[in-house]
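Structure first, then comments.
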Amino acid sequence: MKNIVLIGFMGCGKTSIGKKIAEILNMDFVDTDEKIIQKMGMSINEIFKKYGEEYFRELESMLCEQIAESKVPLVIATGGGIIKNSDNAELLKENGKFIYLEANADKIYENIGDDDTRPLLMGGDKRITIERLLDERIPMYYEYADIIFNTNDKNVEECAEELAEIAMKKSIRLVNGPNLNFTGIREKGIYGSRTLSDIEDTVMEKAEKLGFEIECFQSNYEGEIIDYLQKCYFDGIDGIILNPGAYTHYSYAVRDAIASVSIPVVEVHMSNIHKREEFRHTSVTAPVCEGQICGFGEFGYIMALYALKNLLEK
Ligand code: S3P
């Protein structure tokens, strides 16, 4: 179980929503600002005034290092500027699912009201500063978000309930290798007449019903498949359904990628590869997968969903 890391602009509700999510999921809650206030025995305003923003950012970085060592999964409400330092973001991402609580300037302005605990909003026109900083920060929030959650029309309870459910969802990926983009065109007797995109739609619909978050990927290139498998590792993906196409039979590179990402992979082939040409009887990838499903047409992908569900629930 990974940490749930809430990122977003000041006043978007990270603390209040985070506390509620922690309550619902029975997890520990950490608020980075609160930790810094406790450690320094001073308010954020006082820290900025006495030591400046740069020093505050160093405190945030030190805290990220401590948090990253936590033995128990946490719900973490971060300060709105914590992702300004990419090292912080990358460190927390190693073991965290990032949820960006998106809120527009109106909502933020309304939420902040006359709360004067944020040094960056002091002095000038609050509304103009919010808009300027928001413009600067939005690309960063988007860059790091695994999930973007719009809070504009929801209250704290609604956000927390929906997010607790989303955060617990397992993320899986459907990966298809070379020539599978030609499904529905080539050898229909073997692969059927539905296109890959039809099949992906069916798999995605079923995956969502089974409570998975899913994305699909197809490539005709060995290196792109390897890059994608490695991306799954960095994105903390829970399981993969992989049809490596003809790479199955000879790609030690794809095999090594599967073995190195330490994510459960279910290998799928629509045809029964053992009934076909001799060269198809060997799979160099299956020994590093959890198992192999073949011979059941596109239904094999659905079988793989159930296989992953069973594996991930264990
Ligand atoms: C900041 C946000 C604040 C606090 C500090 C700086 C920022 O936290 O860390 O005032 O740079 O956006 P909240 O996002 O919880 O208000």
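The values are calculated or read from the model by the stated rules, or taken from the named source; none is laboratory data. Just so it is clear, the model here is predicted, and its values are computed rather than measured. We place every Cβ from the backbone using ideal geometry, glycine too, and count neighbours over all the protein chains shown. Heads up: the accessible areas ignore ligands, DNA and RNA and are worked out on the full protein's heavy atoms, side chains in. Shrake-Rupley method; radii C 1.70, N 1.55, O 1.52, S 1.80 Å.
Dipole magnitude for segment 3-166: about 320 debye, using +1 per Lys or Arg Cβ and -1 per Asp or Glu Cβ, origin at the Cα centre. Summarising the amide proton neighbourhood of Asn179: residues at separation of 5 or more, or on other chains, whose placed amide H is nearer than 5 Å comprise an empty set.
Oblate is the label for segment 210-314, because the ratio a/c of its alpha-carbon gyration tensor axes (a ≥ b ≥ c) is 1.5 or higher and a/b is not greater than b/c.
Counting other C-beta atoms within 10 Å, and keeping those with at most 16, which DSSP coil GluC sites (Glu not before Pro) do you find in segment 1-103? Listed in order of number, the matching sites are Glu69.
Seen from Phe149, the other residues with C-beta closer than 15 Å to its C-beta sum to a net charge of -3, counting Lys and Arg as +1 and Asp and Glu as -1.
Label zone of Ile148 (point 7 Å out along Cα→Cβ, amide N under 20 Å): in segment 1-19 this covers 5-14.
Taken as Cα centroids, segment 100-173 and segment 201-235 sit 28 Å apart, rounded to the nearest whole angstrom. Only one residue of Phe29, Gly8, Met122 has its Cα farthest out toward the positive end of the dipole of segment 2-124, where Lys and Arg carry +1 and Asp and Glu -1 on Cβ, and that residue is Phe29.
Largest GNM mean-square fluctuation among Pro178, Pro139, Pro264, using the chain with Cα springs under 10 Å: Pro139. Among the trypsin sites (Lys or Arg not before Pro) in segment 226-291, those placed in a DSSP loop whose Cβ has at most 15 other Cβ atoms within 10 Å are Arg276. According to the square roots a ≥ b ≥ c of the eigenvalues of the Cα gyration tensor, what is the shape class of segment 127-183, taking rounded for a/c under 1.5, prolate for a/b larger than b/c otherwise, and oblate for the remainder? Oblate shape, in that a/c is at least 1.5 and b/c is the bigger or equal ratio. Remark: segment 140-187 carries 49 Å² of accessible area per residue (probe radius 1.4 Å; ligands, DNA and RNA excluded).
Hey, got the dipole for the chain? About the Cα centre, +1 on K and R Cβ, -1 on D and E Cβ, debye to the nearest 20?
Once rounded to the nearest 20, the dipole reads 780 debye.
Step through the table entries Lys93/Lys170; Lys14/Lys126; Lys35/Lys107; Lys19/Lys309; Lys20/Lys154; Lys19/Lys169, compare each Cα-Cα distance with 21 Å, and write down the pairs that go over it. From the list (Lys93/Lys170; Lys14/Lys126; Lys35/Lys107; Lys19/Lys309; Lys20/Lys154; Lys19/Lys169), the Cα-Cα distance tops 21 Å for Lys35/Lys107; Lys19/Lys309.
Taking the 1.4 Å solvent-accessible surface of segment 8-149 as the whole, the part contributed by carbon and sulfur is 47%. Across Gly124, Gly291, Gly52, mean-square fluctuation computed from a Gaussian network of the chain (C-alpha pairs under 10 Å connected) peaks at Gly124. Considering only alpha-carbon pairs that sit under 8 angstrom and 6 or more positions apart, the relative contact order computed for the chain is 16 percent. Relative to one another, the C-alpha centroids of segment 254-285 and segment 76-90 are positioned 40 Å apart. If you sort His274, His269 by accessible surface, 1.4 Å probe, largest first, the order is His274, His269. For segment 153-264, rounded, prolate or oblate, judged on the Cα gyration tensor with a ≥ b ≥ c (square roots of eigenvalues), a/c < 1.5 rounded, else prolate if a/b > b/c? Oblate, because a/c is 1.5 or more while a/b does not exceed b/c. Farthest toward the positive end of the dipole of the chain, out of Tyr142, Ala304, Ala286, is the Cα of Ala286, where the dipole comes from beta carbon charges about the Cα centre. Given +1 at the Cβ of Lys and Arg, -1 at the Cβ of Asp and Glu and no other charges, the dipole of segment 102-141 around its Cα centre is 100 debye to the nearest 20.
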